[in-house]
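First comes the structure, then the notes that go with it.
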Amino acid sequence: MSRPLPLPRFDRRLLRAVARLVPAQEREDWSRTWQAELWHLHHRSRTRPTHFRRLHALSVMTDLSIGLTLDALWLRTDLWRRTYSGSAGLCLASLSGLCLLSVLIALLFTDGGHALSPHLRGQIARSLVAAALVVFVSFATASRLPVDRNAATQGLYWIRRQAFFAAKMAQVLLLAFFLSLLVFLFSIDACATIHVPARNVADVFQLFSFVFFALVGLRWVFRDQEQRCKQCLHLLNTPARVGRPSHNLLEWNGTELNCKQGHGLLSVPEIETSWCQSSQWINLDANWDKAAPI
Amino acid sequence: MNPPRLSHSAALILKALSLGYCFGLDVMEITGLPSGTVYPALRRLERDRLVESRWEPEAEAALKQRPARRYYEVTRAGKAAALAATQRYPLLARLVSEKRS
């Protein structure tokens, strides 16, 4: 039994070069798929008339080169999507990106920030005072945090969780401040057109908008923190309703959220009862790791 | 569960697969779509469990002196999605003809 003809040298080099883009665990399968596709392409062009063969093979080869590169890129981005989607790192990076974007917009509107700098010190002082009040109110009115009595999620995991919570909170407050600066700039322009003393009105708008954005943002911070895995800090998913709402006084009912890595699940009661006042985090056995992706 | 809403290209590829074109190169040729669209779309359809891929038996390929190819089959969910896509894009059936065996 004879072996199939090998691929031309260019194809083999191209495959080797692009294969580096493909995640290691899928590289062999990807190479095998494309070796077969390219072989069949060359085989098909051999069966066509000579004058047509070269032109056709060249155009399809170019197209397939783009295709195999895009296929490799898709596998790479899909791996990133699966790894970083819902992760703590992506959350902090997104918040940083939003902060940067709002600063860039503010700089764009003020010709490099010259119009803004005389007012900045007063705004920072006012916002710091308001931030302390907003944080106090947010903590006082936040729903009870999940009960977690597992030793496995204490210690280092607890420190990581609190560090992430603090970083997220700081970034949200920073973002609220930058957004309120944009409101300040827009209100100065608006006041100038209707002949109102611009400075005072804009200052009030800036303060109110900061309080508003900070309150909404911190509310989200608490909610987001509650819905994350206590070990890996990934967002919990696949919410499932448990129990019947009509049996509120007879049995537990609520929602269960799972960690996609299989670390545990969060039981969120529908209503607070004397026997279940807040959501509960339940650690799963390590054997669940294998069942989690199913 | 409602079948997922597919883009026109994805619907076209799914239609081609359901009509018996089971290799990437065949799908490319019959739909006229570039490979940069076809192969990533096949991956997405496989991820969404609308199609599944298998390797043809090595012995069968070796007998014909060619490398084994990966072929795609439409799943039950994929058939429902293809049907829904045909209703959504009525001209789809005219764009791809059934494969002559």
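Each reported figure results from applying straightforward, stated rules to the coordinates on display, with no laboratory input. Being a predicted model, the structure only gives us computed values, none of them experimental. Note: ideal-geometry Cβ built from the backbone for every residue, glycine included; neighbour counts use all protein chains shown.
Odds and ends about this structure:
- If you sort the three axes of the alpha carbon gyration tensor as a ≥ b ≥ c, you get a/c of 1.5 or more for chain B and a/b above b/c, which makes it prolate.
- Residue-averaged 222 nm ellipticity for chain B, from DSSP H runs of 4+ at -39500 (n - 2.57), nearest 500: -15500 deg cm²/dmol
- Legend: mean number of C-beta atoms from other chains within 10 angstrom of residue C-beta atoms, peptide B:40-50, equals 2.
- Computed from the C-beta positions of A:ILE282 and A:ARG12, the FRET efficiency with R₀ = 41 Å rounds to 0.20.
- Long-range HN-HN contacts of A:GLY264 with modeled amide H, under 5 Å: A:CYS259, A:LEU284
- FRET efficiency estimate (nearest 0.05) - Cβ-Cβ, A:SER59 to B:ALA61, R0 41 angstrom: 0.95
- Protection proxy ranking for B:13-24, B:40-51, using the average of other Cβ atoms within 10 Å per residue and placing the highest first: B:13-24, B:40-51.
- Interchain or long-range residues, amide H under 5 Å from A:HIS234's placed H: A:CYS229
- In this structure the amide hydrogen of A:VAL242, modeled in the peptide plane, comes within under 5 Å of the amide hydrogens of A:GLY254, A:THR255, A:GLU256, none closer than 5 places in sequence on its chain.
- Region A:118-136 versus region B:56-97: alpha-carbon centroid distance in Å: 62
- Modelled FRET efficiency - R0 25 Å, A:ARG20 with B:GLU46, Cβ distances, 0.05 increments: 0.65
- For the segment A:62-73, counting C-beta atoms of other chains within 10 Å of every residue's C-beta and taking the mean gives 5.
- Other protein chain C-beta atoms within 10 Å of residue C-beta, averaged over B:63-74: 4.
- Principal-axis tilt of helix B:76-88 within chain B, Cα atoms, nearest 10 degrees: 50
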